[in-house]
């Protein structure tokens, strides 16, 4: 195994790949299998221990514990995955065949990879495309010219191959970054602007045409979000909707159009932006019964630079408490400002581990990373908004570069499967973060993260029984029993 060494790009080797292939289910209910990824280990997602529960009475205050209460369950998990963008598909197409196969297995094979089950894609272009484009000719309000030929070159083939590796079970949803320029008040897909009222119906029709076109290609669309980041004026594709505008577009146009066109069962995600304004947006949409009846859930991102650097996790909890019958879904996040010299910075994975544990514990039903693959520049991106991805494809050497984001996400996606229910859990020391889930097959997965510089010995305590485990410094573990 090759260790991830800071500041030096590390290629995912066949030895590491075989490590993941070796992961196996726990056969006996009293046994706990521990998988570990740590900065100072020679391998990642590796089996580092097998323990047996033993009776343990009242823990002492001097003992560090992770407590799990299996009789108390919360939200059901939709899935964990990432986004297949044009940038991902264009990079994938440039890789040699053996690296393409390895990449698909690494992400989407539930046995030999980390088992992604959720995929987001885009409705025409976003910043992570080589160019701006739409599916219609300029000025075509009636959408007579609608076609998805652009996507047939790279994106649709990648989605199909990924779904095939996943056994045809991927949950796929789509988001728009901007309507076509002629539908907006700034006559530009970029730099914000708003959808003109005269085009509300045409834009609603655009969604249903997209769903139909993709499903005719053999790609089932589970749902859509109304607008990516509706309060952000960006230098790339963007469009502004106030809460009231999103509410009215949904209840008067998009929702009824989806119903009328036979797509009433498709899920609709509102907001699809940061945690900061989450409660306000949810309140405006969900307190209107005519809009709320179309809302499956509220999507959220993690880009909150004005919060002083502290993620606003409590806002997710507040919305979950205020609207317990509405799903919350993490729809996008990544580390921005790509630097090839930092692909092995251990903080990359910790960013994911901290967010996923907190958001799940606050009620999120799933997690969607941003681009599943980018090239050696952090693109392609037509406005140079270059970012990190869990895996980068070096199009010059034809090799894959795996960041530790991949392993940190894998500690969740491989072991917490669709249909799992979150269990009540807590930690007795702030040095650890933890979350726990009961899977449909009856196995429990407990994820424990230690972002500190010292190892921590702790007990996993369940119903008067416990196992003692050591959490290495700068590590994440999944305990399966």
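The values are calculated or read from the model by the stated rules, or taken from the named source; none is laboratory data. Since we're looking at a predicted model, the values are computed, not measured. So basically every Cβ, Gly included, is an ideal-geometry build from the backbone, and we count neighbours across all protein chains shown.
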Look at the stretch 279-305 and say how many of its residues are within 11 Å of residue 326 (Cβ to Cβ), surrounded by 23 or more Cβ atoms within 10 Å (Cβ to Cβ) and touching a helix residue (DSSP H, G or I) at 6+ places or on another chain (Cβ under 8 Å).
4
Do we find that residue 105 is surrounded by 16 or more Cβ atoms within 10 Å (Cβ to Cβ) and outside any loop (DSSP other than H, G, I, E, B) in this structure?
yes
Pick out the one residue from 148, 123, 72, 156 that is out of contact with any helix residue (DSSP H, G or I) (no Cβ under 9 Å at 6 or more places or on another chain) and more than 24 Å from residue 414 (Cβ to Cβ).
72
Might you let me know whether the stretch 326-341 holds any residue that is surrounded by fewer than 19 Cβ atoms within 10 Å (Cβ to Cβ), within 18 Å of residue 360 (Cβ to Cβ) and either in the same structural domain as residue 118 (by TED's automatic domain parsing) or under 16 Å from the mean Cα position of the chain (by Cα) (or both)?
yes
Among the candidates 447, 427, 383, residue that is in contact with a helix residue (DSSP H, G or I) (Cβ under 6 Å, 6 or more places away or on another chain) and either assigned by TED's automatic domain parsing to the domain that holds residue 299 or modelled with pLDDT of 95 or more (or both):
447
When you scan the stretch 215-323 for helices (runs of 4 or more DSSP H) that lie fully inside it, which ones turn up with 1 or more residues that are closer than 30 Å to residue 383 by Cβ?
243-249, 278-286, 313-322
Is the stretch 209-227 home to any residue that is assigned by TED's automatic domain parsing to the domain that holds residue 282 and over 25 Å from residue 253 (Cβ atoms)?
yes
Applying the selection to the stretch 210-242, what residues are crowded, with 20+ Cβ neighbours inside 10 Å, in contact with a helix residue (DSSP H, G or I) (Cβ under 9 Å, 6 or more places away or on another chain) and closer than 20 Å to residue 294 by Cα?
211, 221, 224, 226, 227, 230, 241
Residue 461: passes all of (1) touching a helix residue (DSSP H, G or I) at 6+ places or on another chain (Cβ under 9 Å); (2) closer than 22 Å to residue 73 by Cβ; (3) in a strand (DSSP E or B) but (1)
Please go through the stretch 126-147 and pick out each residue that is closer than 12 Å to residue 86 by Cβ and surrounded by fewer than 24 Cβ atoms within 10 Å (Cβ to Cβ).
130, 131, 132, 133
